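Read through the structure below, which is laid out as C-alpha cells, and then see the notes.
The values are calculated or read from the model by the stated rules, or taken from the named source; none is laboratory data. Computed from a predicted structure; not experimentally measured. So basically every Cβ, Gly included, is an ideal-geometry build from the backbone, and we count neighbours across all protein chains shown.
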Ligand SMILES: [Zn+2]
C-alpha cells in the first residue's frame, strides 16, 4: 500500500520537477546560443543561424536523454560529459563568450543557473540511462 502511494505521489512530482529543470536548462542554453550567435554570426539576437540551431538541437537532445533529472547539476558541473568531442568544443566556445554576458542580459536566469550549479547527484554509478 505504501509503495503504491509513494509511486503515485512521488513519481509525478519528480517528473514535474524534472520537466521544470529541463525547461530551465533549455531556456538557459537557448539564451546563451542567441548571445553567441548575435556576437559571432551577426544574427539579431532573437534567432540563430543554421549552425547554431544545429548545436542547440543537439544540446536539447542531450538534455532530453540526461540521466540526472531532476537533481541535475548544470552541464558544466556534471560528472558525465555526454557531448561528443566536436559539440563539446562548440559548447565551451559558446559558454566562454555568453557566460559573462548572461548576468547582464538575463540576470534572473543567470542566478538560477548558479543555484542549479550547486546541485549534487547521488549514487552516480548506480544510475543508468533510461
Ligand atoms: Zn550562429
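I'd like the full set of residues that are near the ligand (Cβ under 9 Å from one of its atoms) and surrounded by fewer than 12 Cβ atoms within 10 Å (Cβ to Cβ), limited to the range 28-50. Scanning the range 28-50 gives 42, 50. Screening residue 67 on (1) more than 23 Å from residue 20 (Cβ to Cβ); (2) in a loop (DSSP other than H, G, I, E, B) shows it passes everything except condition (1).
So, in the range 106-130, of the ones that are surrounded by 15 or more Cβ atoms within 10 Å (Cβ to Cβ) and touching a helix residue (DSSP H, G or I) at 6+ places or on another chain (Cβ under 9 Å), which residue ends up modelled with the highest pLDDT? Break it down stepwise before answering.
Going through the range 106-130, the residues surrounded by 15 or more Cβ atoms within 10 Å (Cβ to Cβ) turn out to be 106, 109-110, 112-113, 116, 119, 121.
Among the residues that remain, those that are also touching a helix residue (DSSP H, G or I) at 6+ places or on another chain (Cβ under 9 Å) are: 106, 109-110, 112-113, 116, 119.
On the way: 106: 91, 109: 88, 110: 88, 112: 84, 113: 85, 116: 82, 119: 78.
Ranking the qualifying residues of the range 106-130, first place goes to 106.
Hey, any hits in the range 84-103 for a residue that's more than 14 Å from the chain's Cα centre (by Cα), part of a helix (DSSP H, G or I), surrounded by 15 or more Cβ atoms within 10 Å (Cβ to Cβ) and away from the ligand (no atom under 16 Å from the Cβ)? Within the range 84-103, one or more residues are more than 14 Å from the chain's Cα centre (by Cα), part of a helix (DSSP H, G or I), surrounded by 15 or more Cβ atoms within 10 Å (Cβ to Cβ) and away from the ligand (no atom under 16 Å from the Cβ).
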